[in-house]
Each structure stands twice: as structure tokens, then as C-alpha cells.
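Here's the structure we're looking at; comments come further down.
The values are calculated or read from the model by the stated rules, or taken from the named source; none is laboratory data. Just so it is clear, the model here is predicted, and its values are computed rather than measured. Here the Cβ is made from the backbone with ideal geometry for all residues, glycine too, and neighbour counts use every protein chain on show. Protein only, heavy atoms only, side chains kept; ligands, DNA and RNA dropped before computing areas. Shrake-Rupley method; radii C 1.70, N 1.55, O 1.52, S 1.80 Å.
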Amino acid sequence: MKKEVSIYFHWPYCKSKCPYCDFYKIIDRNLNQTEIIDKYIKDLDDYHHMLPNRVIRSVFFGGGTPSLIEPQYIERLINHIYKLWPVRQNMEISLEANPNTNRPQMFSNLHAAGINRLSLGVQALNEQDLKFLGRTHTLKDALKSIDDVLRVFDNHSMDLIYARPDQMMSSWTSELEQAVSFGFKHLSVYQLTIEEGTVFEKKGVKALDDENAAEMYQQTVDFLRNNGYPRYEVSNFSLKEYESVHNKCYWTGDDYIGIGKGAHGRLKIERQHYALEYPNLKEKLSSYERAQELILMGLRLEKGINKQYFNEICGLNFDTFVSQQKIDELCELKLIKNEKDQVFATDKGFLVLDKIIEELCS
């Protein structure tokens, strides 16, 4: 059986930069999209020479604001992938979109270009917080885009941000109730954090305090679980069978390649691990380094880390790689469960996940 690999296209360009964002982004309204896509096509060809016998698992257009890409260029990239490699049956092809792209028939055109999963960056469902978060769309824009996405796509997701300054649980619950009522197949819910170098950090903006943010997170998990959206990753919730195929490849340690400025990837070729950074640079990773990454990413999943798969990827035994004493201590604190085949965080553990990962990787 041929080994699978996923493809991530990074489109770092935006109309504006949100004050909480610390991602690599470029504000440029006069792009030569033909030139950029030509480079992406060349990158695909280069990766095909490196990985001629792979099967493509999934494709993801992220950013930035990839909904700014003209649909004909998206279609060109997708068609070129089909020319180069065999693909998984019913391959997931996702794209992140903002409600402010303002192109007539945008979602219909994206679907016609080959996108079959649309992730909509709404972030808040009231005007005051949309303005605070620096979003350039209004609530009316968001609701119109939500209607369009649900009408055009069968597979869809919406992003929301919680733990905004002074946010009340009652108002957040109202937003969650509204979000659930729309009927999205998938919801991504991210905690607002004030990252170094962002506009918020420079202005001294403070997110909700840790104690209230943790309570809000647990309430969110419980509410969404009770409404048919069980958590499958620390920030991601979905209806049955609508977990993101592409994003799970990051958390489980599968191979993926990144194309575009700011993109990165991970590959295992024969027995050697590589970290990929734009443009196609390969840095060798040791089995030890890869094992640490697998713990860092794998414990984000509700199911945690499959020990056999951990061994298959990095060649190390999980139960001997980590400190058994630390495992026992974390189990005693009811922060993780350590079973024969799996290790995973408990609900209590998810509230201090960074600390658990730090303990196991030290």
C-alpha cells in the first residue's frame, strides 16, 4: 500500500491584520496572483519528484485569507495535484474563508473550483466583540456568509474565539446556542491569548483571567458535547464522522508538505524524519525530537496517543521513552489515563495540558 501525504497551501496575504494574530501574514492589495500560483505549481512539481509514489490524503488552503485567491487558481492547483498523484477516495479539500472577502458568488465559485469543506472565520456573534477583535466584517456579513456556506457545502466548520476580556459566561453561552442552531458539521473554538508582538500585546490588552477562562472552556466542552458536538481535539468539536481529516494528520504525526511563504511540513523518507520549511528546506530530525513532537501534538486529541502508532512513526517505545514515574504521578492526579494501547488526557487534564506535555517531554 502506498504511503499517504497531505498538502497544505499557505496563503499569507490578508486585507488587514487582526490585533490578536501572531501568524506570518502580508498585507498587500496588489498581488500578482498568477505569479504566486505559478510558484506553487513549481513547488508541487518539485515535491512530486521527491515523493512520486505517495497518495494524497487531504488538501488544505490556510492563511492568511485564502478566500482571496481567485477560484480559477484554486482549481488550477487542485487539478495539478490530480495530474501528479493518485488521491484518496472522496479526498477532503478544505479552505479557510472570512465573511469579508466580498466577492459575488464566492462560495459557489469555490465549490465549483473543487473545495468540498469550508471553514468560516466568524470569531464572534455580536457587533461589539467583532469590532474589538479587529474583524472587518459585521454581524450581518457573518450571518449572510453562514447562510451561503450552509447552502453550498455539505461539509463545513465555523471558528469562534472565547475568553475575551470581561466576557460573561451567560453571553458566551448565548453565542454557543446560536452557533449550534446554525447546523455546522464542525466547530473550532479557540481561547484568546495575547501573544508577544501583536497589537493587543503592545496596547496592554488583557484576556480573561486563567481561572475564568478554564471554567469557560469546561462549560464549552460540556455544552457542545451535550448538543452533539463531542470534543475530538482540545479546540475542535464535530458531529459524528466530520472530524477534520487534514488537521488530524498534524496531531497524529502523519506526513504533510507545506507550500507557500510561512508554510512548514513533516516527512518521513525511509527511516529519516525531516522538518520542512519554505522553500522546501529539509532539516533532519532525530527519533527523539520526533517523539517529543508526537507527544506535544498527540495529547491534544481526545483519544490521545496510540502507543503502537507512536512506535511505528518514531521507532521508540512510548512506555520507555517517557518517565514511568511521571506517568504514575499524572495518573494519580487524575490528569491522564495510561492504558495498554493508549495514553490520553482526562477532562481535568485538558485544563492543564501544557503542563502535562512539559512534564512528559522533560
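Some notes on this structure:
- Most positive-pole-ward Cα, L143, L68, A163, against dipole of region 29-178 from beta carbon charges: L68
- Computed lengthening from K202 to Q33, 0.36 nm per intervening residue step minus Cα-Cα distance: 57.6 nm
- If you sort M168, M91, M297, M1 by accessible surface, 1.4 Å probe, largest first, the order is M1, M168, M297, M91.
- In a fully extended conformation the segment linking N226 and V55 would gain 57.9 nm over its present Cα-Cα distance, using 0.36 nm per residue.
- F23 accessible area, assembled protein chains, probe 1.4 Å, Å²: 120
- When the alpha carbon gyration tensor of region 209-263 is reduced to an equivalent ellipsoid, its three semi-axes come out at 27, 17, 8 angstrom, largest first.
- Cα extents for region 215-362 along the principal axes, largest to smallest and rounded to whole angstrom: 43, 36, 23.
- Rounded to the nearest 500, the helix-only mean residue ellipticity at 222 nm of the chain stands at -12000 deg cm²/dmol, with each DSSP H run of n ≥ 4 adding -39,500 (n - 2.57).
- Gain on full extension, evaluated as 0.36 nm per residue between D209 and V352 minus their Cα-Cα distance, stands at 50.0 nm.
- Based on alpha-carbon atoms, the Kirkwood radius and the radius of gyration of region 28-183 give Rg/Rh equal to 1.03.
- A dipole drawn for region 17-84 from +1 and -1 charges on Cβ atoms has a positive end, and of I27, V55, I78 the residue lying farthest that way is V55.
- Trypsin sites (Lys or Arg not before Pro) within region 211-285, DSSP loop, no more than 11 other Cβ atoms inside 10 Å: K240, R271
- Translational diffusion of region 1-44, µm² s⁻¹ [Kirkwood Rh, Cα pairs; Stokes-Einstein; 25 °C; 0.890 mPa s]: 190
- Among the GluC sites (Glu not before Pro) in region 284-362, those located in a DSSP loop and surrounded by at most 13 other Cβ atoms within 10 Å of their own Cβ are E339.
- Residues of region 157-193 with amide N under 20 Å of the 7 Å Cα→Cβ point at D22: 160-166, 189-193
- Under a model in which nothing but the beta-carbon of Lys, Arg (+1) and Asp, Glu (-1) is charged, the chain shows a dipole of about 960 debye around its Cα centre.
- The chain, relative contact order [Cα under 8 Å, separation at least 6], %: 14
- Dipole moment magnitude, nearest 20 debye, region 165-259 about Cα centre, only Lys, Arg, Asp, Glu C-beta charged: 280
- Using a probe of 1.4 Å on the protein chains alone, the accessible area found for C314 is around 10 Å².
- Cleavage-rule hits (trypsin sites (Lys or Arg not before Pro)) in region 1-50: DSSP loop, at most 14 neighbouring Cβ within 10 angstrom: K2, K3, K15, R29
- Length-normalised contact order of region 1-87 in % [C-alpha pairs under 8 Å, at least 6 apart]: 46
- For region 165-204, the spread of Cα positions along each principal axis, largest first, Å: 37, 22, 11
- For F107, solvent-accessible area (1.4 Å; no DNA, RNA or ligand), Å²: 10
- Label selected from [x] 32.2, 121; [y] 29.7, 116; [z] 20.6, 59, the criterion being Rg and Dmax of the Cα atoms in Å as computed here: [z]
- Assigned charges on the beta-carbon of Lys, Arg, Asp, Glu; region 52-137 dipole about Cα centre (debye): 320
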